[in-house]
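Participant: Take a look at the following structure, please.
The values are calculated or read from the model by the stated rules, or taken from the named source; none is laboratory data. Nothing here was measured: the structure is a model prediction, and the numbers come from that model. Here the Cβ positions follow ideal geometry from the backbone for every residue, glycine too, while neighbour counts run over all protein chains shown.
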Ligand SMILES: [Zn+2]
């Protein structure tokens, strides 16, 4: 017999499909959950989107996957958290939980007695992630952040974890795989606990292009087959996978007006100017130059940046 999947006091038995809003323990915060539990035992695949509420294509893709997937198709189980920061998405807060202004994708494993964001993290870390054999987290660039499709894989948790994650990355149709050493994010904390996973990124700038939603649906379809929860044919990869071992994330301590001089998915050379921060009168406050040859994954795309911002430009070493 298959597993019983637990969610907020509900028990989802083999052969059952559970789909409803749940209230996260210790809060009044609601989030949509779909659990598709097959009769035949197997692995449990955990797929989330909407941790950052200004990132739409993953949410749109999982809405479709969650509506269509049925227990008779599934070996093991699929847990779909299709819009984790649901209230943030409705409030259009871009990157944070409205009540406390925190980025949910940091500070794992949270605290069941902490801020609202901490309680959401604690629920994910204590109840949901431990039920998973593999974690997929769907993201996009933020509301003012153009981004080329890329993915992050856990590189700091041993060779087996790295190879498991890269084998899964290979079945997506995303061209760039970025070695990540983060440890307190959603999927990266799970990796630290020994649960492999990937963070996928498609589209950005607050857009939800239908072709990127469809591409996400194909990525998820292939990953379900790869993990073994779904049978069927995979969509073929159309672009080769390129692994980036070193990525530079240019941040700033200065608030001001941002004039980027890079484009996503283009090559920059060491010494190239990648952008300038000026004051409102046009005086230069800071200039930024590439430290090495690189490929640009994403960058700040709005006209204003705040001190403490960590993603003026992200580019991988080539
Ligand atoms: Zn994100």
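Participant: Give me the residue from the stretch 40-51 that is within 15 Å of residue 202 (Cα to Cα) and part of a loop (DSSP other than H, G, I, E, B) and, out of that set, nearest to the ligand (Cβ to nearest atom).
Facilitator: 51
Participant: While we're looking at this one, here's another question. Consider residue 256 carefully, then state whether it is over 23 Å from the mean Cα position of the chain (by Cα), modelled with pLDDT under 95 and within 25 Å of residue 55 (Cα to Cα).
Facilitator: no
Participant: Name the residue, out of 243, 220, that is within 17 Å of residue 166 (Cα to Cα) and exposed (fewer than 15 other Cβ atoms within 10 Å of the Cβ).
Facilitator: The match here is 243.
Participant: Let me ask something else about it. Do you know which residues across the stretch 52-69 are out of contact with any helix residue (DSSP H, G or I) (no Cβ under 6 Å at 6 or more places or on another chain), within 16 Å of the ligand (Cβ to nearest atom) and in a loop (DSSP other than H, G, I, E, B)?
Facilitator: 52, 54, 55, 56
Participant: What is the number of the single condition among (1) closer than 26 Å to residue 219 by Cβ; (2) in contact (Cβ under 8 Å) with a residue 12 or more places away in the chain; (3) over 20 Å from the mean Cα position of the chain (by Cα) that residue 25 does not meet?
Facilitator: All conditions are met except number (1).
Participant: Of these, 47, 39, 5, which one is within 21 Å of the chain's Cα centre (by Cα) and either surrounded by 15 or more Cβ atoms within 10 Å (Cβ to Cβ) or more than 16 Å from residue 126 (Cα to Cα) (or both)?
Facilitator: Exactly one of 47, 39, 5 is within 21 Å of the chain's Cα centre (by Cα) and either surrounded by 15 or more Cβ atoms within 10 Å (Cβ to Cβ) or more than 16 Å from residue 126 (Cα to Cα) (or both), namely 47.
Participant: A follow-up question, please. Can you tell me which condition residue 94 does not meet? The list is (1) within 16 Å of the ligand (Cβ to nearest atom); (2) surrounded by fewer than 23 Cβ atoms within 10 Å (Cβ to Cβ); (3) on the phi < 0 side of the Ramachandran plot, and all the others hold.
Facilitator: Of (1) within 16 Å of the ligand (Cβ to nearest atom); (2) surrounded by fewer than 23 Cβ atoms within 10 Å (Cβ to Cβ); (3) on the phi < 0 side of the Ramachandran plot, only one is false for residue 94: (3).
Participant: Looking at (1) assigned to a helix (DSSP H, G or I); (2) more than 16 Å from the ligand (Cβ to nearest atom); (3) touching a strand residue (DSSP E or B) at 6+ places or on another chain (Cβ under 9 Å), can you tell me which one residue 72 breaks?
Facilitator: (3)
Participant: Follow-up. Give the stretch 207-232 a look and list any residue that's within 16 Å of the chain's Cα centre (by Cα) and under 21 Å from residue 54 (Cα atoms), or say none.
Facilitator: Across the stretch 207-232, the qualifying residues are 207, 208, 212, 213, 215, 216, 217, 219, 220.
Participant: What's the number of the condition residue 102 fails, among (1) within 16 Å of the ligand (Cβ to nearest atom); (2) more than 23 Å from residue 303 (Cα to Cα); (3) out of contact with any strand residue (DSSP E or B) (no Cβ under 6 Å at 6 or more places or on another chain)?
Facilitator: (2)
Participant: Here's something else I'd like to know. Do you know which residues across the stretch 12-36 are under 21 Å from residue 73 (Cβ atoms) and either surrounded by fewer than 17 Cβ atoms within 10 Å (Cβ to Cβ) or touching a helix residue (DSSP H, G or I) at 6+ places or on another chain (Cβ under 9 Å) (or both)?
Facilitator: Passing the criteria: 13, 14, 15, 16, 17, 19, 20, 32, 33, 34, 36.
Participant: Same structure again: Given the conditions (1) touching a strand residue (DSSP E or B) at 6+ places or on another chain (Cβ under 8 Å); (2) more than 30 Å from residue 94 (Cα to Cα), report the number of the one that residue 18 does not fulfil.
Facilitator: Going through the list (1) touching a strand residue (DSSP E or B) at 6+ places or on another chain (Cβ under 8 Å); (2) more than 30 Å from residue 94 (Cα to Cα), residue 18 breaks only (2).
Participant: A further question on this structure: Might you let me know whether the stretch 275-284 holds any residue that is at pLDDT 95 or above and touching a helix residue (DSSP H, G or I) at 6+ places or on another chain (Cβ under 9 Å)?
Facilitator: No, the conditions are met nowhere in the stretch 275-284.
Participant: Further question on the same structure: If residue 275 passes every condition in (1) surrounded by 13 or more Cβ atoms within 10 Å (Cβ to Cβ); (2) assigned by TED's automatic domain parsing to the domain that holds residue 139 but one, which one does it miss?
Facilitator: (2)
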